[in-house]
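What follows draws every value from the coordinates through simple rules; no lab data is involved. Just so it is clear, the structure is predicted and the values come from calculations on it, not from any experiment. Ideal geometry is used to build each Cβ from the backbone, glycine not excepted, and the neighbour counts take in all protein chains shown.
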Amino acid sequence: MGKTNRLRSPYALLMVTMLLWGSAFSSSKSLVGHVPHSVGAFLRFGGAALALLLAMAVSGSRRARVPARNGWRAAAAGVLGVFAYNGFFFWGLSLAPSLDAGILIPVMSPVLTSTFLLATGKEKPTWARVTGLALGLTGAGTFFLGAGGSGGGGSSRLPGDALFLLSAVCWASYTLAGPRVLTGVEPLKATTYATCAGALLLGVLAAPDAADVAWSDLPVGVWLNTAFLAVGAAAVANLLYYRGVGTVGPARASLMMFNVPVINTLCATLLLDESLGWVQGIGALVLVLGAVIAVTQGRLPWRATGARTQSRVVAAGPAEDEGAQAGNA
């Protein structure tokens, strides 16, 4: 019973998401080596949309009515978190190494999320947070200065990194919108609506380039990789992420993104033989350090969340306990 609860905990689900996303950067880079970046983005999320629609049909959740306003809100989130994010991401992969993407996107996303919450007064400024954000911005600037340096990548590396930064902006916005999108919509439906809306626009974007692809000449490994990206790294990962955001909130969910650079670095260096220059390496370390300080402020948020959840259950009784369990279902 205890083991089952641990496996269903929001942080366990988020960790599975980070494992899938961390490996997806290298897999996506491999995919754009065979097809145009716009087609690669559509293959990943077009397949994810089909997988999620099938999951809805099997689960029977499509029979439950969703208010039109909530459905459109989820679809709008998909335009930002699926279409815009992946449009920039796959374009960036055609110009820069996946190693850069796996550092900039997952680390800058929580920095940007924390900055927004601070600027809007939803979180209070502290010396740790301000210091962390300053370090993060310094590290990001150093990282960009080192783009195209000793780590290789050529003159296209800096524009590619800029596109990855735009992807991080889109993902931070998507994360912040998560709790509102989930209002009145179960995670599977919210993820499906968002993915289908984004995939539809990615399909429109990819249509002109799709005619130039020699589909019959693509190796079997490309299709297997596409299946992993669509089902595992997109459909399953996004569903688990939405569930995690709905349970622990956007700030703590984005904290888990710090696991992605480690996983991606292993995949990129071992599978694709990518590397960072020393200037980029220093910038990456400073960026990660600043982001961790800004987001955690020296605390362990999962312990604080667990303590608060337990106290709420004791105070509220069975009704709130049932709702908390439903959030992890």
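What is the Å³ per residue value for the convex hull set by the Cα atoms of the stretch 150-290?
151
Seen from residue 113, the other residues with C-beta closer than 11 Å to its C-beta sum to a net charge of +1, counting Lys and Arg as +1 and Asp and Glu as -1. Sorting 206-216, 76-86 by average packing, meaning the other beta carbons within 10 Å per residue, from highest down gives 76-86, 206-216. Take every Cα pair under 8 Å whose residues are at least 6 apart in sequence, average their separation, divide by the length of the stretch 14-144, and the relative contact order is 35 percent.
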